[in-house]
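Novice: Take a look at the following structure, please.
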C-alpha cells in the first residue's frame, strides 16, 4: 500500500460517526382535565407534535419520541403524585440485609434450625437406645 492510499483510508475512517447523539425529550408530567371533569396525569412528551422521520404506510398511529417511555413509567409508579413531587425517603434497608447476608455466610443457625437439629438428634438417640 502506498502512503496516499493509507492517508485516504485514514481520512475516510475519521469521517465516520461511531455513535449517535442522545435526543432530548420533554421531561415531566402535566395535568389535563377531561370532558367529564376528571384530572388526568399526562407526560409532557405525549403533548408534543409527532415528527415523522420516515414516512410509513399510515396504518399505525405514531407516538412522539419519549412518550411511550414516560407512559410506561406512569403505569409503574406506586403513587402517580410521586412523578409531580417526590416524597421523603425513609431509612435504608442495608442493615437488615447485611445482617442476613453475614449470618448466611458465617453459617450461623437460627433458633428454628437448632430446634429441628436437636429433635432429629433426640429421635436418632431414642432409636439407637431401642435397638
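Novice: With a point put 7 Å past each Cα toward its Cβ, work out how far residue 110 is from residue 125 in nm, to one decimal.
Specialist: Using points 7 Å along Cα→Cβ, the separation is 2.5 nm.
Novice: Shifting gears a bit: Counting other C-beta atoms within 10 Å, which of 62, 76 has the fewest, and how do the rest follow?
Specialist: 76, 62
None of the figures in this text is laboratory data; all of them are computed from the coordinates on show. Here the structure is a predicted model, which is why all the values come from computation and not from measurement. Positions of Cβ are backbone-derived with ideal geometry, glycine not excepted, and every protein chain shown enters the neighbour counts.
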